[in-house]
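Novice: Below is one structure. I have some questions about it.
The values are calculated or read from the model by the stated rules, or taken from the named source; none is laboratory data. Computed from a predicted structure; not experimentally measured. Neighbour counts are summed over all protein chains in view; Cβ atoms, including those assigned to glycine, are modelled from backbone coordinates with ideal geometry. For accessibility, only protein heavy atoms count, side chains too; no ligands or nucleic acids. Shrake-Rupley method; radii C 1.70, N 1.55, O 1.52, S 1.80 Å.
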Amino acid sequence: MRLTPFSTLSLLSVAVGISLVTTAQAAQPPAPDLSNSEFQQCLDNLKNSSKFSGVDGYTFNNYRPSQPDPSVIQSLNYQPEFQKDVWDYLSALVDKERVEDGIRAKRQWGSTLRQIESRYGVKAEHVLGVWGVESNFGQTLGKKPLFESLATLSCFDRRQSYFQGEYANALKIVQNGDIAPNDMTGSWAGAFGQTQFMPSTFLELAVDFDGDGRRDLVNSVPDALASTANFLDNRGYRTGEPWGYEVKLPDGFWAASNRKDKKSISHWRDQGLTLANGSPLPYDLSSAGLLLPAGMEGPAFLVGKNFDTFYSYNASENYALAIAHLSDLITREDSSKTDFITAWPTDDPGISRQQAKDIQQALLNAGYDIGGVDGIIGDNTRTAIQQYQTSRGIFPADGRAGQKFYRAIVGNATPSQTQYGQPLNPAPADRMGQLIQQQTTAPSSYSSQPSVSSSTSSNTRYRRVTDADGTIKLVRIDQGS
Ligand code: CA
């Protein structure tokens, strides 16, 4: 959830992903040396500005940071060394482990989800899909102190005006008593809680569903799930419609990917499209656009309005597809196969988070200092992979962790015992409660998630990646690439 989006970005991300950047120079700029006196002067000015007129003096002073946090400016200006293909992105976000966690969550929160469905008209599995992709079902909330992050971004570097508004909104949330100050942690950019709402979205759309009078998107699963449904409803969700489906294109068919160019199902039938398994297209979408995440050779989809509401959550088609696909697998309660029917156009598919951990362990065993095992293939791991590939003559030495590299370094050894977490049956009654406490769990791997303010006149484009420490970074992708 995030900053306002660019619509063309996911296509751009795929294009960038194909021309993989393989240089391993440090892309991370050094943490800037921020003047604390300048910071404190800026905060004095903000306190008296109109943006903060709704924040009382006590609240402002009580949560006023004593120092800026240079790491968030570092994150703001981070540029990735490596780009990700769509199949790598999806294989980490929609793996067996996440599907099983989702099925378990559906069982545990069934009655709450049914109430939410009847109140907001949003299908339970769609809410679960967002929850799973956004915060790994409440396990990954981000650990950056929000007031420090937002105050720093309000006073330094680009986009200060935007972040000043979010800083004021974050203070209002605490002032209102919705969320305890100690729980105000999140991504470096200020998204927080199980829904990863920005503070402005929280104020607009968060709801109290458990009836305790507080909108607590950090500790209350009912509040978080209902707020997600309220968000999707607010963005135009159509009750009873699927998000779309995987389709099969007829021989000789050609079209560009354009999910916004919505046509009737009759139109697509006339064009010769069927469901991916060959069945006729059902008439359960009022209109649908064609989505081709990897071009004509990969999986194809017809997507309706509800897909667009997923997209509005984070302005990336690949991101929305991850939510859509995860929600389908949770609906089918089948974690045995997480691929689409049509294969991605690669002979080297992506890996799951567990396979990523196995690769990281193998790299550590081989003497590569990658910090630790977190299941996230970030710059450190990719650099180590590239060095490993180079030292052993593996071509291409592109630093990518796919199935071929997995086999090369891990072999066909039995995956570790912890592979898929706890057994599905019986579901521990308090599992989700436990998960919420486990906010130090390694985050899932995100990327290709663009975020940029439409109010900025710059044409700089960004994608979002989650770093090994759980912070989410906006990374520029159009500068010099
Ligand atoms: Ca509540």
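Novice: For region 311-319, check the following and say yes or no: at least one residue is touching a helix residue (DSSP H, G or I) at 6+ places or on another chain (Cβ under 9 Å), open to solvent by 30 Å² or more (accessible area, probe 1.4 Å) and in a helix (DSSP H, G or I).
Specialist: yes
Novice: Pick from region 364-396 the residues that are free of Cβ contacts under 8 Å to residues at least 12 places away in the same chain and part of a helix (DSSP H, G or I): which of them is surrounded by the most Cβ atoms within 10 Å (Cβ to Cβ)?
Specialist: L364
Novice: A further question follows. Within region 245-265, take every residue that is out of contact with any Pro (no Cβ under 7 Å at 6 or more places or on another chain) and among the charged types (D, E, K, R) and give me the one that is least open to solvent (accessible area, probe 1.4 Å).
Specialist: R259
Per-residue answers, yes or no, for (1) within 15 Å of I409 (Cα to Cα); (2) without any contact (Cβ under 8 Å) to a residue 60 or more places away in the chain; (3) surrounded by fewer than 15 Cβ atoms within 10 Å (Cβ to Cβ):
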residue	(1), (2), (3)
D328	no, no, no
F340	no, no, no
I351	yes, no, no
Q360	yes, yes, no
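Novice: Then there is this: Out of curiosity, is W268 assigned to a loop (DSSP other than H, G, I, E, B) and open to solvent by 10 Å² or more (accessible area, probe 1.4 Å)?
Specialist: no
Novice: On the given criteria, is G142 under 22 Å from A324 (Cβ atoms) and of a type outside the set (D, E, K, R)?
Specialist: no
This table checks each residue for (1) in a helix (DSSP H, G or I); (2) surrounded by 20 or more Cβ atoms within 10 Å (Cβ to Cβ); (3) among the hydrophobic types (A, V, I, L, M, F, W, C).
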position: Y58; (1), (2), (3): yes, no, no
position: P68; (1), (2), (3): no, yes, no
position: P80; (1), (2), (3): no, yes, no
position: G102; (1), (2), (3): yes, yes, no
position: I116; (1), (2), (3): yes, yes, yes
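Novice: Inside region 140-235, counting only helices (runs of 4 or more DSSP H) that do not spill past its ends, which hold 1 or more residues that are within 16 Å of the ligand (Cβ to nearest atom) and closer than 29 Å to R107 by Cα?
Specialist: By residue number, 199-205, 221-234.
Novice: Return yes when A294 is at negative phi and buried (at least 22 other Cβ atoms within 10 Å of the Cβ) and no when it is not.
Specialist: Taking the combined requirement at face value, the residue does not satisfy it.
Novice: What is the number of the single condition among (1) within 30 Å of L205 (Cα to Cα); (2) small (G, A, S); (3) open to solvent by less than 50 Å² (accessible area, probe 1.4 Å) that S286 does not meet?
Specialist: Single failed check for S286: (3).
Novice: What number of residues within region 297-307 are buried (at least 23 other Cβ atoms within 10 Å of the Cβ) and closer than 18 Å to T239 by Cα?
Specialist: Result for region 297-307: 4.
Novice: Between a residue in region 196-222 that is outside the structural domain of I173 (by TED's automatic domain parsing) and more than 20 Å from A315 (Cβ to Cβ) and any residue that is near the ligand (Cβ under 7 Å from one of its atoms) and part of a loop (DSSP other than H, G, I, E, B), which pairs come within a Cβ distance under 7 Å, given they are 6 or more apart or on different chains?
Specialist: Nothing qualifies.
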